[in-house]
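*Asks:* Quick one: this structure, given as structure tokens, is what I'll be asking you about.
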Amino acid sequence: RMNAGDPTQPVRIPVIVVQRHRVLRDAVHRWLATECTVEVIAAEATVAAAAPVLLRVPDAVIVVDEPGPGDSANGMMTELRAASATARAVMLVGSPDVAIVSAAINAGVAGVLCSDAPSASLVQAVRTVACGVCVIDEAALRQLAGSWQYATHPMLSTREREVLGLLAAGSSNVEIASKLYVSAETVKTHVAHLLRKLDVPNRGSAVEKATRLGLLV
């Protein structure tokens with residue numbers, strides 16, 4: 001995009017900074033103010049204070065902090081979209097907590113970055129989100145990938161995998177206990193853990209699901 005007044009100059013991306021803490025708000029404002037491709041048009045402490053500005057400039061990218069106590073990403077995005085139906089936000093999070101990142105993405109936040117990410121990463125995230133593309137910080141993405149992997153491939157201990165393999169071979173609890181040199185009660189506990197982790201009601205279902213998930217090799 002080129003500036004209509006000066007076709008040689010690119011249009012600067014309007015940005016609204018929303019951070020509860022003044023020190024971080026000022027820091028984010030400074031980081032973005034040094035970048036010639038973006039323009040900070042407001043820096044506010046709350047989404048409510050930023051909403052009137054977004055109403056006037058609906059294509060602005062909002063750089064927000066993670067929800068505080070009693071707040072939610074969904075509530076924040078609902079409030080922003082009341083001012084602009086196409087509101088695009090980049091959220092700065094203190095840590096790549098899976099619950100926070102997942103809630104933000106589900107609420108429609110377009111970008112998630114750790115608050116200690118380099119200023120260049122924030123600028124790039126703003127540019128990316130302004131183009132209609134989502135962006136997730138590498139650390140946050142690793143956390144999400146870990147949670148997704150667990151959802152599809154439950155984390156089984158070495159002993160649980162041994163028990164699972166013997167279950168698949170048709171061994172009874174007593175036979176498994178004999179082969180692993182443990183008590184039948186211990187085997188019963190391992191089987192209970194397997195059923196819980198695989199979220200199945202019985203041994204046969206455990207073997208069937210484990211086979212489907214590739215846990216039996």
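*Asks:* Please enumerate the residues belonging to the stretch 58-82 that are in a loop (DSSP other than H, G, I, E, B) and touching a Gly at 6+ places or on another chain (Cβ under 9 Å).
*Replies:* Of everything in the stretch 58-82, those that are in a loop (DSSP other than H, G, I, E, B) and touching a Gly at 6+ places or on another chain (Cβ under 9 Å) turn out to be E66, P67.
*Asks:* Determine the pairs where a residue that is small (G, A, S), located within the stretch 83-101, has a partner that is surrounded by fewer than 19 Cβ atoms within 10 Å (Cβ to Cβ) with Cβ atoms under 6 Å apart, the partner being 6 or more residues away or on another chain.
*Replies:* That search, which allows pairs on different chains as well, returns A83/L55; S84/P58; A87/R81; G94/S115.
*Asks:* Oh, and also: Name the single residue that is least open to solvent (accessible area, probe 1.4 Å) among those in the stretch 52-106 being within 15 Å of I16 (Cβ to Cβ) and among the acidic types (D, E).
*Replies:* D65
*Asks:* What is the one condition in (1) open to solvent by 40 Å² or more (accessible area, probe 1.4 Å); (2) in a helix (DSSP H, G or I); (3) aliphatic (A, V, I, L, M) that L194 does not satisfy?
*Replies:* (1)
*Asks:* Can you tell me how many residues in the stretch 148-181 are part of a loop (DSSP other than H, G, I, E, B) and either surrounded by fewer than 12 Cβ atoms within 10 Å (Cβ to Cβ) or modelled with pLDDT under 90 (or both)?
*Replies:* 8
*Asks:* Further question: What are the residues in the stretch 83-102 that are among the hydrophobic types (A, V, I, L, M, F, W, C) and under 20 Å from D116 (Cα atoms), if any?
*Replies:* Once the filter is applied, which keeps residues that are among the hydrophobic types (A, V, I, L, M, F, W, C) and under 20 Å from D116 (Cα atoms), the stretch 83-102 yields A89, V90, M91, L92, V93, V98, A99, I100, V101.
*Asks:* Does the stretch 165-182 include one or more residues that are out of contact with any helix residue (DSSP H, G or I) (no Cβ under 8 Å at 6 or more places or on another chain) and in contact (Cβ under 8 Å) with a residue 40 or more places away in the chain?
*Replies:* Yes, because at least one residue in the stretch 165-182 is out of contact with any helix residue (DSSP H, G or I) (no Cβ under 8 Å at 6 or more places or on another chain) and in contact (Cβ under 8 Å) with a residue 40 or more places away in the chain.
*Asks:* Please find, among V135, V109, V123, the residue that is more than 19 Å from H21 (Cα to Cα) and in contact with an Asp or Glu (Cβ under 8 Å, 6 or more places away or on another chain).
*Replies:* Going through V135, V109, V123 in turn, just one is more than 19 Å from H21 (Cα to Cα) and in contact with an Asp or Glu (Cβ under 8 Å, 6 or more places away or on another chain): V123.
*Asks:* I've got another one for you. So A43 clears everything in (1) open to solvent by 50 Å² or more (accessible area, probe 1.4 Å); (2) assigned to a strand (DSSP E or B) except one condition, right? Which one?
*Replies:* It fails just one condition, (1).
*Asks:* Sticking with this structure for a sec: What is the number of the single condition among (1) at pLDDT below 90; (2) closer than 22 Å to P96 by Cα that V217 does not meet?
*Replies:* Answer for V217: the failing condition is (2).
*Asks:* Out of the residues in the stretch 182-198 meeting the condition of being in contact with a Ser or Thr (Cβ under 9 Å, 6 or more places away or on another chain) and at pLDDT below 90, tell me which one is nearest to G214 (Cα to Cα).
*Replies:* Within the stretch 182-198, the match that is nearest to G214 (Cα to Cα) is L198.
*Asks:* Ok, one more. Could you say whether any residue in the stretch 96-107 is charged (D, E, K, R) and not in a loop (DSSP other than H, G, I, E, B)?
*Replies:* No: the stretch 96-107 contains no residue that is charged (D, E, K, R) and not in a loop (DSSP other than H, G, I, E, B).
The values are calculated or read from the model by the stated rules, or taken from the named source; none is laboratory data. Just so we're clear, the structure is a prediction, and the values are computed from it rather than from any experiment. All Cβ positions, even for glycine, are placed from backbone atoms using ideal geometry, and neighbour counts span all protein chains on display. Just the protein is used for accessible areas: all its heavy atoms, side chains included, with ligands, DNA and RNA removed. Shrake-Rupley method; radii C 1.70, N 1.55, O 1.52, S 1.80 Å.
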